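Read the structure below first, then the notes.
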Amino acid sequence: MSDHHTYRKTEVVGSSKKSIEGAIENALAECAKTVRHMEWFEVTETRGHIVDGKLGHYQVSLKVGFRVEGS
């Protein structure tokens, strides 16, 4: 194992009809399907979609940090 790590970040947007937390969980679950070594996330934006004057769903933008393989 290396004595240092190098990281990258990718930006994703998750959504949920139920909660902000659900939107975060959905984004991370989908991201985990293709991104290995995820280690942290940072919420950069929270917003919602309005349908007929009511909340349609929550949207949360995340930066997901992951370790570069081999570092």
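The values are calculated or read from the model by the stated rules, or taken from the named source; none is laboratory data. The shown structure was predicted, so the numbers you read here are calculated from the model rather than taken from an experiment. For neighbour counting, all protein chains shown are included, and Cβ atoms are generated from backbone atoms with ideal geometry for every residue, glycine included. When the accessible area is computed, the model is the full protein with side chains, heavy atoms only, and any ligands, DNA or RNA have been set aside. Shrake-Rupley method; radii C 1.70, N 1.55, O 1.52, S 1.80 Å.
Regarding Phe66, is this residue in contact (Cβ under 8 Å) with a residue 24 or more places away in the chain, open to solvent by less than 70 Å² (accessible area, probe 1.4 Å) and assigned to a strand (DSSP E or B)? Considered against the rule, which asks whether it is in contact (Cβ under 8 Å) with a residue 24 or more places away in the chain, open to solvent by less than 70 Å² (accessible area, probe 1.4 Å) and assigned to a strand (DSSP E or B), Phe66 comes out as yes. Scanning the range 13-24 finds one or more residues that are open to solvent by 60 Å² or more (accessible area, probe 1.4 Å), in contact (Cβ under 8 Å) with a residue 40 or more places away in the chain and among the β-branched types (Val, Ile, Thr).
Within the range 25-53, the set of residues being free of Cβ contacts under 8 Å to residues at least 12 places away in the same chain and either exposed (fewer than 11 other Cβ atoms within 10 Å of the Cβ) or among the hydroxyl-bearing types (Ser, Thr, Tyr) (or both) comprises Ala29, Lys33, Thr34, Ile50, Val51, Asp52, Gly53. For the range 1-12, filtering for residues that are surrounded by 10 or more Cβ atoms within 10 Å (Cβ to Cβ), closer than 20 Å to Gly70 by Cβ and aliphatic (A, V, I, L, M) leaves 0.
Evaluate the range 52-63: report whether one residue or more is closer than 24 Å to His4 by Cα, in contact with a Cys (Cβ under 7 Å, 6 or more places away or on another chain) and assigned to a strand (DSSP E or B). Within the range 52-63, none of the residues are closer than 24 Å to His4 by Cα, in contact with a Cys (Cβ under 7 Å, 6 or more places away or on another chain) and assigned to a strand (DSSP E or B).
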